[in-house]
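**Q** The structure follows.
The values are calculated or read from the model by the stated rules, or taken from the named source; none is laboratory data. Small disclaimer: the values here were computed from a predicted structure and weren't measured. Note that each Cβ is placed from the backbone with ideal geometry, even for glycine, and that neighbours are counted across all protein chains shown.
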Amino acid sequence: MKLPKNFGGQGFGGMMDQMKSAMARAQQLDEELENDRIGIDREMVKLVFNGKAELIAMKVNPALVDPEDVEGLEAEITAAFREGFAKATEIREAKTSEIMQNMPKIPGMNF
């Protein structure tokens, strides 16, 4: 099988080095994302997510809880979850794209 021009920078060995480096960076990224903290403050509700979009903490301001408006609190919590998940996903995708840029291009394998 003929390898593509400049495959891995230095032939098959270079490609393997690039892949090992990318895999090591992916593992490091997983740890970074777990330790990242993303705060969401929506007045009534405060949430903290990690970079993997996992909820770490939630606080509800008791002074703003109105038993006559439970739906309003539920809407705030839902909106805060969506915002936190979206931010965490955006951060994760940006960091992951860094790794993918350094992966060797292998014909037929679209990463």
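**Q** From the list ASN61, ASN102, ASN110, which one is farther than 30 Å from PHE12 by Cα, exposed (fewer than 14 other Cβ atoms within 10 Å of the Cβ), polar (S, T, N, Q) and at pLDDT below 95?
**A** So the residue among ASN61, ASN102, ASN110 that is farther than 30 Å from PHE12 by Cα, exposed (fewer than 14 other Cβ atoms within 10 Å of the Cβ), polar (S, T, N, Q) and at pLDDT below 95 is ASN61.
**Q** If you don't mind, another one. Any residue that is surrounded by fewer than 12 Cβ atoms within 10 Å (Cβ to Cβ), over 29 Å from MET100 (Cβ atoms) and touching a Lys or Arg at 6+ places or on another chain (Cβ under 6 Å) - is there at least one of those in the range 37-58?
**A** Within the range 37-58 (the criterion being surrounded by fewer than 12 Cβ atoms within 10 Å (Cβ to Cβ), over 29 Å from MET100 (Cβ atoms) and touching a Lys or Arg at 6+ places or on another chain (Cβ under 6 Å)), the answer is no, since none of the residues qualifies.
**Q** Pairs, please: C-beta under 9 Å, at least 6 apart or cross-chain, first residue without any contact (Cβ under 8 Å) to a residue 12 or more places away in the chain and in the range 49-69, second surrounded by 13 or more Cβ atoms within 10 Å (Cβ to Cβ) and of a type in the set (Lys, Arg)?
**A** Close Cβ pairs (under 9 Å, with a partner that is surrounded by 13 or more Cβ atoms within 10 Å (Cβ to Cβ) and of a type in the set (Lys, Arg)) amount to ALA57/LYS46.
**Q** Still on this structure, I have one more. Scan the range 27-79 for residues that are among the aliphatic types (A, V, I, L, M) and part of a strand (DSSP E or B) and jot them down.
**A** Correct list: ILE38, ILE40, VAL45, LEU47, VAL48, LEU55, ILE56, ALA57, MET58, VAL60.
**Q** On to the next question. Which residue, of LEU64, LEU33, LEU55, LEU73, is farther than 30 Å from ASP17 by Cα and either hydroxyl-bearing (Ser, Thr, Tyr) or within 19 Å of the chain's Cα centre (by Cα) (or both)?
**A** Selected residue: LEU55, the only one of LEU64, LEU33, LEU55, LEU73 that is farther than 30 Å from ASP17 by Cα and either hydroxyl-bearing (Ser, Thr, Tyr) or within 19 Å of the chain's Cα centre (by Cα) (or both).
**Q** Residues being at pLDDT below 90 and among the β-branched types (Val, Ile, Thr): count how many of those fall in the range 71-99.
**A** 2
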